[in-house]
Amino acid sequence: MTVRALYSLLKSPGLAIALLVAILVSCIVGAAALQEERAAELIFSAPWFNALLVGLVVNVAFCFFSRTWRRKLTLVSAGMNLFHLSFVAMFLGIALNSLTSFRGTLRLSEGETLPNSAVESYDIQTHGRLFDFSWLKGSTTLDRVRPGFTLEGANKYVAYEVSLLDPGVNPQKQADLVYVTHPLSYAGTQYFRDREGYTVLVILYDAQGREVFGAFVPLQSMKQDDGSYLYTTGSRDGAGPVLFPHGDSRPLFLLEVFYQPDARVERIGEVSFHLWGLPPPGSDRLDAPLASGNGTVGQTIALGDYHLAVTEVRYWAAMDVRHDPGHPIVLGSLWVGLGGMLTTFVGRLLRRPRSERPAVGHSDVLPT
């Protein structure tokens, strides 16, 4: 293909229409037919989709600027140039964000610290193909969850006291609140409130009452038909047991924990345990529990050969973490586009239409 033929193709309005249709169809399929993670993997973060965006930017630039660069510079033409430049910049920002953005769910218990650059720190995460986890700087600590948080008389429901630290930038922690209308920005990353719940410290004792193992176990918040909540181990799909002890230790059994908070005093309440033996490999069927028991926070409960207690109740919080390097470009281009539109509007107001000068002559009527 010759240079002239390539130039003609790049400034072709037909190519612009074809690219727009392809992008529109891809967006509809991704939003309506696929789940968010699958849509990001197959479409929005795929090289071919970003190639369509870049191709549209190049096509628009050739279509417009090949027709305007020789025109006399006026307020009207300057405004139109600004508007179309913003259009090009906006699509470049969208393409950049699609390739380099990150979104993940960071869940911490009060007092817990997690490194921002570790994949294991996030329950769920999606990112662009060119994203590098080293771009997420420092670490995040959840200092405290404050339920019933109000600000200047307005109910914000709950706030998270969060500390962020990046020794390479600042040896001091940056502490701030995260609540429903106030995300936290740090090193190009934003933290949004997502959801929160309880986590309980479960201690395993031997027959002589000696502590064998202890771990914080996060509980799911299950909304009931009457509007109340059930706090238990499991997943978003429902209540269920977890391996215990977990982590580096060899699990001994499956444990399901229920917690009913006291309505008057925070971080105390009733606790229930259900215990199962370990199922055979490859089986997820559960029969009746081997042992069950209930008591209060701080009370040791006997379950067959084991003794368990919930000795502490804390809150956990999940934050929506977003790294979107293309967003400033998109937002800036929108402001530039608005400025271009205003410039064009002012230029047209100042442009005086030609008017015929009135004829000058003598009157045939003489004064009396």
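Some values worked out for this structure:
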quantity	calculated
Exclusive hit being part of a strand (DSSP E or B), open to solvent by 50 Å² or more (accessible area, probe 1.4 Å) and not polar (S, T, N, Q), set ASP143, ASP226	ASP143
Selected residue [in a helix (DSSP H, G or I), at pLDDT 85 or above, within 23 Å of LEU331 (Cβ to Cβ) and in contact with a helix residue (DSSP H, G or I) (Cβ under 8 Å, 6 or more places away or on another chain)] from MET90, MET80	MET90
Filtered residues of region 229-245 (kept if within 15 Å of SER272 (Cβ to Cβ), without any contact (Cβ under 8 Å) to a residue 24 or more places away in the chain and open to solvent by less than 50 Å² (accessible area, probe 1.4 Å))	GLY234, GLY240
All strands (runs of 3 or more DSSP E) inside region 287-357 with 2 or more residues being under 30 Å from SER185 (Cα atoms)	306-323
Residue tally, condition among the hydrophobic types (A, V, I, L, M, F, W, C), part of a strand (DSSP E or B) and closer than 19 Å to HIS323 by Cα, over region 146-174	3
Residue, nearest to PHE87 (Cα to Cα), within region 1-52, restricted to residues that are over 21 Å from the mean Cα position of the chain (by Cα), among the β-branched types (Val, Ile, Thr) and surrounded by 13 or more Cβ atoms within 10 Å (Cβ to Cβ)	ILE23
Candidate set: region 296-311, residues that are of a type outside the set (Ser, Thr, Tyr) and closer than 13 Å to VAL257 by Cβ; chosen: the one most open to solvent (accessible area, probe 1.4 Å)	VAL297
Lone qualifier among ALA159, ALA95 - being under 19 Å from the mean Cα position of the chain (by Cα), buried (at least 17 other Cβ atoms within 10 Å of the Cβ), of a type in the set (A, V, I, L, M) and under 30 Å from ALA16 (Cα atoms)	ALA95
Residue check, PRO280 modelled with pLDDT under 90 and either in contact with a strand residue (DSSP E or B) (Cβ under 7 Å, 6 or more places away or on another chain) or of a type in the set (Ser, Thr, Tyr) (or both)	no
Total residues in region 207-223, condition within 20 Å of GLY238 (Cα to Cα) and surrounded by 10 or more Cβ atoms within 10 Å (Cβ to Cβ)	7
Residue list for region 279-295, restricted to those being open to solvent by less than 70 Å² (accessible area, probe 1.4 Å) and out of contact with any Ser or Thr (no Cβ under 9 Å at 6 or more places or on another chain)	PRO279, SER283, PRO289, ALA291
Residue in region 126-135 that is farther than 23 Å from ASN97 by Cα, open to solvent by 30 Å² or more (accessible area, probe 1.4 Å) and in contact (Cβ under 8 Å) with a residue 24 or more places away in the chain present	no
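The values are calculated or read from the model by the stated rules, or taken from the named source; none is laboratory data. Predicted model, so just to flag it, every value in this text is computed and none were measured. Positions of Cβ are backbone-derived with ideal geometry, glycine not excepted, and every protein chain shown enters the neighbour counts. All accessible areas refer to the heavy atoms of the entire protein, side chains included, with ligands and DNA or RNA removed. Shrake-Rupley method; radii C 1.70, N 1.55, O 1.52, S 1.80 Å.
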